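The values are calculated or read from the model by the stated rules, or taken from the named source; none is laboratory data. In this text, all values refer to a predicted model and were calculated from it rather than measured experimentally. Note that each Cβ is placed from the backbone with ideal geometry, even for glycine, and that neighbours are counted across all protein chains shown. Surface accessibility is based on the protein's heavy atoms, side chains included, excluding ligands, DNA and RNA. Shrake-Rupley method; radii C 1.70, N 1.55, O 1.52, S 1.80 Å.
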Amino acid sequence: MVKDLTSIPPVSLLFYRSLIMLGVSMPWAVAVNKPPFPPDMDRKEQGLLVFRGVVGFVNILASYYSLRYLNIGDQKMVASSRPVWVILFSKLFLKEHCGCIEAVLMVLMMTGVVIVVKPPYLFGSAAGPAYDEPAMWSALAVLFTTALSANTTIILRKMRKQHVASLTAANQILFLLQTFGLIWVGGFEMKTPVMKDKVMILVMSLVVITYSVINMLALKIVEANISSVVTSCTDLLVAMLVQILYYKTLPDVFSLLGGGVVGL
């Protein structure tokens, strides 16, 4: 849906999305008496929530902008490097298991990302048409911010005893503050979307909040590295199907090969 909403700047789109998601999560948080940033939460946990909101915001914004330059399947393959960083950070901060299998998975995922992006200094012209410079920079931005935002999975796993409504509302408050500030400073136009775009934004927001809730509930049960691998593989499969069936864009041989390597 983000790829179709080209008439709306990504930062404005994220503002609308966060506003709708806060409109859903805040009444839920009030109903269960679990406010965002509850008073029984210590400063360290509050700081982790703020960090989660900042890096998550940067990652989503980079993802939205990258969809202006990359095919949805290729963009999702770059974002599928997330388990690599989650495995590393979960080992570092949560002391979760990381053995030979996890190491092999990390190598395969990063190899798949390189195959998909096809950097010219590695592949030259033999790999066929490669992405132009803005697309390459957007892919690198997604890769870098994905590495940073992988910490959000670690934070959610660490704070699994907190209520989902509280965590969701707190995140959307931070998103709204950041998007409003960026719109104000950057002078982005805040025009009223047409009815078709309004419906798409609403549906997208409801899908995202449902996905987020399911992910947070899963992190209450399974380890962060397992949840991240399953989530990334599912996202990649759905993105490839959307690219083929909806956008009628067939991935090239390198994209298929990279997707296969990442999906392993």
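Using a probe of 1.4 angstrom, how much of the accessible area of segment 145-242 is carbon and sulfur, in percent?
Looking at segment 145-242 in its full context, I get 73 percent from C and S.
I'd like to compare 143-149, 58-64: which one has the highest average count of other Cβ atoms within 10 Å, and what's the full order after that?
On the way: 143-149: 19.0, 58-64: 21.0.
Highest mean packing first, the order is 58-64, 143-149.
Over the heavy atoms of E223, what accessible area does a 1.4 Å probe trace out, to the nearest 10 Å²?
Using a 1.4 Å probe on the heavy atoms, I get roughly 70 Å².
Are any of the pairs K95/K248; K198/K248; K158/K198; K161/K198; K34/K198 more than 32 Å apart by Cα-Cα distance, and if so, which?
K95/K248; K158/K198; K161/K198
Rg and Dmax in Å for segment 139-234, alpha carbons only: what are they?
Radius of gyration, then largest Cα-Cα span, for segment 139-234: 15.9, 43 Å.
Taking only protein heavy atoms and a 1.4 Å probe, what accessible area per residue, in Å², does segment 55-102 have with all protein chains in place?
With all protein chains present, segment 55-102 gives 41 Å² per residue.
Report in % the part of the accessible area of segment 1-51 that belongs to carbon and sulfur, leaving out ligands and nucleic acids; probe 1.4 Å. Walk me through the numbers on the way to the answer.
Values: 1710 of 2650 Å².
Summing carbon and sulfur atoms, their accessible area is 64 percent of the total for segment 1-51.
Counting only heavy atoms of the protein chains, get the accessible area per residue of segment 168-217 (1.4 Å probe) and round it to a whole Å² value.
Normalised by residue count, the accessible surface of segment 168-217 is 58 Å².
Decide, for segment 1-103, between rounded, prolate and oblate: order the square roots of the alpha carbon gyration tensor eigenvalues as a ≥ b ≥ c, take rounded if a/c falls under 1.5, and otherwise choose prolate if a/b is larger than b/c, else oblate.
Taking the square roots of the gyration eigenvalues as a ≥ b ≥ c, segment 1-103 is oblate.
If you take the charge dipole of segment 135-230 about its Cα centre, with +1 on Lys and Arg Cβ and -1 on Asp and Glu Cβ, which of I154, L174, M195 is farthest toward its positive end?
I154
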